[in-house]
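Only one structure is covered here, and it is reproduced in the block below.
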Amino acid sequence: MKQRWDIFCSVVDNFGDVGICWRLARQLTHEHELAVRLWVDDLASLARIAPDADLASAQQWLQGFEVCHWRQSFVGVEPADVVIEAFACELPGAYIAAMAALPQPPVWINLEYLSAENWVTGCHRLPSPHPRLPLLKHFFFPGFVPGTGGLLREQWLLPARNAFDDVAQLAFWQRLGVPARRAGELRISLFCYDCCAPLGDLLTAWAASTVPLCVLLPLPFPLRLRQQPIVDVIADFFGDVNSLSVGAVLQSGQLTARLIPFLEQGEYDKLLWACDINFVRGEDSFVRAQWAARPFIWHIYPQADNAHRVKLNAFLDLYTTGMPPDMAAAVRALWYGWNGWNDDGQIGNTWPAFAAHQAALTQHGEKWAGQLNRLGDLASNLVQFSQNRI
Ligand code: TRH
């Protein structure tokens, strides 16, 4: 009989929590032959990245595993052999009680957020006994260095990326309704938080670029376009307030901006592979950009007291290791500017130096992805960890 895994996902906001749990559930099902049940409290967020999801179903089978709407009482639900609590979401009390009542309690793992900070290796795999019940929970940290759980990476991912040749790329652009690249054109994908990124300033720099630039913006809420502040910035910049809709093509100087639909998760990978430079955010798109091995810019999830600045610096320290100083400085300047930390609040002046290093950054991205690859992948590392405890 297949080993049973339950993954609990409470969506705090946006798409990262559910995006990561969905990816993990799929990989455990397809690559480790486990019987996976994914509990999600927000099916609408899931449906953004997995359009087959039925918003009205309390229980459904998608891509070979069970997806349950996490809103029921949980009385009578039998716990799985391995229980993943994603990002410290609180498991239902009845489910915890049922775990404790089993002769052999499940392996209980809290899958943590991703961070490059040094303390992570000291906390990875640490046990935490339940204060009252005979249950032990372990903390499991993804990460970028040995001594962490690594990053999510499906077995097919790098072979598929390597096989994504010019023909596949052309077919992808055709599916999106985007014309083939013009000679010398730079393609950029742009996924960022609505708040804080100095997009207007960057658009100005892009319009004045020496090469043609095509920027693709996937928009999560096509029917609520004007409620997304980023769309206002775009409308202001292009002076085109009324005709904005998904599919819009806007032009200024060397810059063409295309508003595209939010893509199914697998198609989003292809967008990252097909672009020369990727602006990503949060956690999952940030990781996918690293597997895409292209130059990328991280809009980090903003936290109280600028805690995210420490996190961003910790990552930059690792990622820029081995870069020539001027290249590392160009990366840091654009990343700081994009996250709102440049002293003058400007970002446009940091773009030319970053763009000048595009080819070298692509080479560096390959090396960096190879280094990450050697850590194993998060799903396999989770499986190995749990097998030693069952
Ligand atoms: O959406 P995010 O900001 O998500 C999260 C949440 O904010 C969460 O609370 C926070 O803790 C975490 O970030 C750090 O960014 P992220 O993580 O990149 O998730 C986006 C998901 O959406 C990812 O799985 C990729 C997917 N996606 C698509 O499937 N299609 C698309 O077109 C795009 C742009 C993204």
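The values are calculated or read from the model by the stated rules, or taken from the named source; none is laboratory data. If you're wondering where the values come from, they're calculated on a predicted model, not measured in any experiment. All Cβ positions, glycine included, derive from the backbone under ideal geometry; neighbour counts span all protein chains shown. Only protein heavy atoms, including side chains, enter the accessible area calculation; ligands, DNA and RNA are left aside. Shrake-Rupley method; radii C 1.70, N 1.55, O 1.52, S 1.80 Å.
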Flagged pairs (Cβ under 8 angstrom, 6 or more apart or on separate chains; first in segment 111-132, at negative phi; second modelled with pLDDT under 95) are Glu112/Ala88
Note: among Leu259, Leu213, Leu203, Leu250, just one is open to solvent by less than 50 Å² (accessible area, probe 1.4 Å) and within 21 Å of the chain's Cα centre (by Cα), namely Leu259
All conditions in (1) more than 16 Å from the ligand (Cβ to nearest atom); (2) more than 21 Å from Ala289 (Cβ to Cβ) are true of Gly150 except (2)
Exception for Ala183 within (1) on the phi < 0 side of the Ramachandran plot; (2) modelled with pLDDT under 95; (3) open to solvent by 10 Å² or more (accessible area, probe 1.4 Å); (4) within 23 Å of the chain's Cα centre (by Cα) falls at (4)
Among strands (runs of 3 or more DSSP E) entirely inside segment 125-198, those with 2 or more residues being in contact with a helix residue (DSSP H, G or I) (Cβ under 8 Å, 6 or more places away or on another chain) and under 24 Å from Val287 (Cα atoms) are 136-140, 186-190
The residue from Ala355, Ala289, Ala329 that alone is open to solvent by less than 10 Å² (accessible area, probe 1.4 Å), of a type in the set (Gly, Ala, Ser) and in a helix (DSSP H, G or I) is Ala289
With criteria (1) in contact (Cβ under 8 Å) with a residue 60 or more places away in the chain; (2) in contact with a strand residue (DSSP E or B) (Cβ under 7 Å, 6 or more places away or on another chain); (3) more than 11 Å from the ligand (Cβ to nearest atom), Ala50 comes up short on (3)
Filtering segment 164-180 down to residues that are more than 16 Å from the ligand (Cβ to nearest atom), open to solvent by less than 70 Å² (accessible area, probe 1.4 Å) and under 23 Å from Gly365 (Cβ atoms) yields Phe164, Ala168, Gln169
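Okay, residues lined up against (1) of a type in the set (Asp, Glu); (2) in a strand (DSSP E or B); (3) modelled with pLDDT under 95:
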{"site": "Val12", "(1), (2), (3)": "no, no, yes"}
{"site": "Arg26", "(1), (2), (3)": "no, no, no"}
{"site": "His30", "(1), (2), (3)": "no, no, no"}
{"site": "Arg37", "(1), (2), (3)": "no, yes, no"}
{"site": "Leu46", "(1), (2), (3)": "no, no, no"}
{"site": "Val67", "(1), (2), (3)": "no, yes, no"}
{"site": "Gln72", "(1), (2), (3)": "no, no, yes"}
{"site": "Val83", "(1), (2), (3)": "no, yes, no"}
{"site": "Ala88", "(1), (2), (3)": "no, no, yes"}
